[in-house]
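The structure appears right after this line, and notes come after that.
The values are calculated or read from the model by the stated rules, or taken from the named source; none is laboratory data. Being a predicted model, the structure only gives us computed values, none of them experimental. Cβ coordinates were reconstructed from backbone atoms using ideal geometry, including for glycine residues, and neighbour counts include every protein chain displayed.
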Amino acid sequence: MAKALVVGTGLGGLTTALRLASRGFEVEMVEKYHQAGGRLNQLKKDGFTWDLGPSFFSMSYEFDEFVKFCGINMPFEFVELDPLYAVNFRGSEKNFLIYKDLKKLAGEFESIEPGFEKKARKFLDESGKLFHDTFDKVVRRNFNGYFDYFLSLSTVPWGHAPKMVRNVWDELGRYFSSREVKEILSLVAFFLGDTPFKTPAVYTLLSYTELEHDGYHNVKGGMYKIVEGLLAELAKKGVTIHYNTEITGFTGNGDKMDSLIDSKGNHFKADTYVINSDAASFRGKVLERRKFSEANLDKMHWTMAPLTLYLGLDQKIPALHHHHYFLGNNFQEYAGKIFKNEIGLDQPYYYVNTVSRFNPGSAPEGCESLFILCPVPHKLFKPDWSDREQAADGIIADLSTRLGVDLPKHIISKTVIDPDGWEQAFGLHRGSGLGLAHDLNQIGAFRPSNRDEKFGNVFYVGASTLPGTGLPMAVISSKLVTERILS
């Protein structure tokens, strides 16, 4: 029986491990953190529970493909969101509710974007065509070099080519005139860890996935139920997981890796190695590849870093929706400067997940469990986070003003994780939350490959390899790397 060692227990690692185990591999896993999940993790404290990172996802059908491949039943229960989320602009009491139902959505925007339904129908038709013309050809497949990649791109209808040179913001401007509508619909770029002014317009296909194709989903009992369900299935397959184990070295012989070495000097041997640590930084930090040295990693374009707050309140906050975005009135200036630390966090843009609204068990009776994420500069632009408490308090103060509630008086549990904390816990380069960004020169065959350049028995899965960042992309990534291994 062939043996596979999977380094990292993020969603990509867990799904790859289960795919391989279902095909007869003996699978062993190692994990730097004290529990499985990677960024899809969980925090418990003071009687409250929070999902550490991702709080909703799209493309639920990718999980359907996964369980079918593995021959198992879905080990968790999805619940579709409706509305998807709410958006508030600073200085306004209005909360825009974002529905999949286009007529209901039009009712939210008709006063500021006359003819919204007709405009949105045209926009979604175009983004839907883009999705169906490209997804299987560019996202759901492996590439054997640049020629193979460009050959695949050449089969995509040329009418989509302008979206390669336009950005998301400019593309939205072709359909809508309202600032608020464009800012809300451009939030999909932030889901990729960047701004709509840098993200290629091809990613407007995500608007189609959120508003029409599949929507957004939560998991009954919390997002960490995904991890717990996968762990239960892996246990049935006899998969062993070693926690608090950081890989720091290796031994190799020619074109084959012989072992991986942890920080305590233990050697882990296997026939096949799958790396769920960051595909770029692992090559540099562990395999010592010059192309991926720290200096060269810093030249790459990385996604934003997260500043995350986990609050337990002694009362309910009815004014908060389940998923709630709080935006300001200087969107273009803020987006253009925040990631390079050229503007302060005194008027922050942030996202709030009222965890206990959907999962009451995450907070004691009568209490509220809140998760707040504020996109901030990663450590290349802001290396010192000694002011994290000040930044967190500023976000809480802003939210208090907008809700009309003195939140500090009701906080009975508070945890803040800054980019330093994310980097240390999960090995994220410079604290970048979602790995490599999705510039045109960092997607497809230009992204770090999911097979190693030197060792024929080493493969990669996760955000910084094919096809990109996000929970469904991690599941697709596990499909692609499994295809590599099995072939």
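Looking at segment 116-184, what helices (runs of 4 or more DSSP H) fall wholly within it and have at least 1 residues that are of a type in the set (Asp, Glu) and at pLDDT 95 or above?
The qualifying helices (runs of 4 or more DSSP H) are 116-134, 146-153, 168-173.
Applying the selection to segment 206-244, what residues are farther than 20 Å from LEU81 by Cβ and surrounded by fewer than 18 Cβ atoms within 10 Å (Cβ to Cβ)?
Correct list: GLU228, ALA232, ALA235, LYS236, LYS237, GLY238, THR240, HIS242, TYR243, ASN244.
Out of the residues in segment 387-445 meeting the condition of being part of a helix (DSSP H, G or I), on the phi < 0 side of the Ramachandran plot and basic (Lys, Arg), tell me which one is nearest to the chain's Cα centre (by Cα).
ARG388
May I ask you to list the residues in segment 418-443 that are closer than 17 Å to LYS299 by Cβ, surrounded by fewer than 18 Cβ atoms within 10 Å (Cβ to Cβ) and among the aliphatic types (A, V, I, L, M)?
Passing the criteria: only LEU440.
Can you name every residue in segment 293-320 that is assigned to a helix (DSSP H, G or I) and free of Cβ contacts under 8 Å to residues at least 40 places away in the same chain? Reasoning before the result, please.
Going residue by residue through segment 293-320, those that are assigned to a helix (DSSP H, G or I) are 294-299.
Residues satisfying the conditions are GLU294, ALA295, ASN296, LYS299.
Do we have GLY24 as on the phi > 0 side of the Ramachandran plot and either assigned by TED's automatic domain parsing to the domain that holds VAL461 or in contact (Cβ under 8 Å) with a residue 12 or more places away in the chain (or both) here? Give the derivation first.
Values: on the phi > 0 side of the Ramachandran plot: yes; either assigned by TED's automatic domain parsing to the domain that holds VAL461 or in contact (Cβ under 8 Å) with a residue 12 or more places away in the chain (or both): yes.
When the stated conditions are applied, GLY24 passes them.
Filter segment 260-269 for residues that are farther than 25 Å from ALA474 by Cα and either assigned to a strand (DSSP E or B) or among the polar types (S, T, N, Q) (or both) and give the result.
Of everything in segment 260-269, those that are farther than 25 Å from ALA474 by Cα and either assigned to a strand (DSSP E or B) or among the polar types (S, T, N, Q) (or both) turn out to be ILE261, SER263, ASN266, HIS267.
Can you pull out every residue in segment 47-80 that is touching a Pro at 6+ places or on another chain (Cβ under 9 Å) and not aromatic (Phe, Trp, Tyr)?
Matches in segment 47-80: GLY47, GLY53, SER58, MET59, SER60, GLU62, VAL67.
Please state which one of LEU440, LEU436, LEU428 is under 27 Å from GLY284 (Cβ atoms) and at pLDDT below 95.
Exactly one of LEU440, LEU436, LEU428 is under 27 Å from GLY284 (Cβ atoms) and at pLDDT below 95, namely LEU440.
Among VAL30, VAL6, which is the only one that is crowded, with 24+ Cβ neighbours inside 10 Å, more than 17 Å from ALA463 (Cα to Cα) and either of a type outside the set (Gly, Ala, Ser) or under 15 Å from the mean Cα position of the chain (by Cα) (or both)? Give the derivation first.
On the way: VAL6 fails: more than 17 Å from ALA463 (Cα to Cα).
On inspection, the qualifying residue turns out to be VAL30.
With SER263, SER259 as the choices, which residue is surrounded by fewer than 22 Cβ atoms within 10 Å (Cβ to Cβ), at pLDDT 95 or above and under 14 Å from PHE455 (Cα atoms)?
Result of the check over SER263, SER259: SER259.
Which residue, of GLY252, GLY222, GLY215, GLY229, is out of contact with any Gly (no Cβ under 9 Å at 6 or more places or on another chain), in a loop (DSSP other than H, G, I, E, B) and either at pLDDT 95 or above or closer than 27 Å to PHE371 by Cα (or both)?
After ruling out the rest, the residue left standing is GLY215.
If you go through segment 270-292 one residue at a time, how many are in a helix (DSSP H, G or I) and either of a type in the set (Phe, Trp, Tyr) or loosely packed, with under 14 Cβ neighbours inside 10 Å (or both)?
Result for segment 270-292: 4.
Could you tell me which of the residues LYS285, LYS256, LYS269, LYS236 is among the charged types (D, E, K, R) and within 30 Å of ALA437 (Cβ to Cβ)?
Going through LYS285, LYS256, LYS269, LYS236 in turn, the sole match is LYS285.
Can you tell me which residues in segment 321-361 are part of a loop (DSSP other than H, G, I, E, B), buried (at least 18 other Cβ atoms within 10 Å of the Cβ) and in contact with a helix residue (DSSP H, G or I) (Cβ under 8 Å, 6 or more places away or on another chain)?
Result: HIS321, HIS322, LEU345, PRO348, TYR349.
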